[in-house]
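See below for the structure under consideration.
The values are calculated or read from the model by the stated rules, or taken from the named source; none is laboratory data. All figures in this text were calculated on a predicted structure; none of them were measured in a lab. Don't worry about glycine lacking a Cβ; one is built from the backbone with ideal geometry, like all the others, and counts go over all protein chains shown.
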Ligand code: PNS
């Protein structure tokens, strides 16, 4: 059987349990999965690339065929550089589809050799996004079920440092 190396690109600001669910699913069907953090995003991130990389490394260390990397520039160029064959993206709901289709077709236009594979995360995570995690956490809501423990800890340190010691002890 052909061995397929896939790239799972994204901002991961921060990593959520939805991303992790997809990484686990991807690690089961691809021989190698590279989780690639976009370095030159136009968005103002909460966590810098080194922090996002550290969170991903901690949370994915249990899967030996998952590697964490960063990239800048065009995704298709990075895919070629890594000698990968596919791009993995998650679709949570119909609302994701239009944007994902646009990206997949643009990537195909740029390089017809690069295939995009869509997987669906567990339905428990269908409403989950990094943006909402940040908003809920900033406003004092709990994100305990939504992100891995190491991400919650870093959120406390970054966003609510005054609460961080007390809360961390309770986990
Ligand atoms: O998690 P995100 O923010 O939805 O990820 C978007 C990402 C990183 C996959 C996308 O912005 C991307 O691939 N950027 C790299 C630049 C590029 O290749 N742009 C053209 C893609 S159509």
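Which number in (1) at pLDDT below 95; (2) surrounded by 12 or more Cβ atoms within 10 Å (Cβ to Cβ) marks the one condition that residue 162 misses? Only one criterion in (1) at pLDDT below 95; (2) surrounded by 12 or more Cβ atoms within 10 Å (Cβ to Cβ) is unmet by residue 162, namely (2).
Restricting region 11-33 to residues that are in contact with a strand residue (DSSP E or B) (Cβ under 7 Å, 6 or more places away or on another chain) and not in a helix (DSSP H, G or I), the residue that is nearest to the ligand (Cβ to nearest atom) is 11.
Scanning region 68-91 for residues that are within 19 Å of residue 3 (Cβ to Cβ) and touching a helix residue (DSSP H, G or I) at 6+ places or on another chain (Cβ under 9 Å) yields 69, 79, 84, 85, 86, 87, 88.
Considering region 34-53 alone, what residues qualify as being without any contact (Cβ under 8 Å) to a residue 40 or more places away in the chain and either surrounded by fewer than 17 Cβ atoms within 10 Å (Cβ to Cβ) or part of a loop (DSSP other than H, G, I, E, B) (or both)? Matches in region 34-53: 39, 40, 41, 42, 43, 44, 45, 48, 50.
Those residues that are out of contact with any strand residue (DSSP E or B) (no Cβ under 9 Å at 6 or more places or on another chain) and assigned to a helix (DSSP H, G or I), I need them from region 102-124; list them, please. Break it down stepwise before answering.
So in region 102-124, the residues out of contact with any strand residue (DSSP E or B) (no Cβ under 9 Å at 6 or more places or on another chain) come out as 102, 106, 109-113, 122-124.
Within region 102-124, 102, 106, 109, 110, 123, 124 qualify.
Candidates are the residues of region 128-145 that are within 16 Å of the ligand (Cβ to nearest atom) and assigned to a loop (DSSP other than H, G, I, E, B); the one that is nearest to the chain's Cα centre (by Cα) is 129. Candidates are the residues of region 58-79 that are within 12 Å of the ligand (Cβ to nearest atom) and surrounded by fewer than 19 Cβ atoms within 10 Å (Cβ to Cβ); the one that is farthest from residue 105 (Cα to Cα) is 70. Might you let me know whether region 92-106 holds any residue that is closer than 21 Å to residue 4 by Cα, loosely packed, with under 12 Cβ neighbours inside 10 Å and away from the ligand (no atom under 13 Å from the Cβ)? No, region 92-106 has no match at all.
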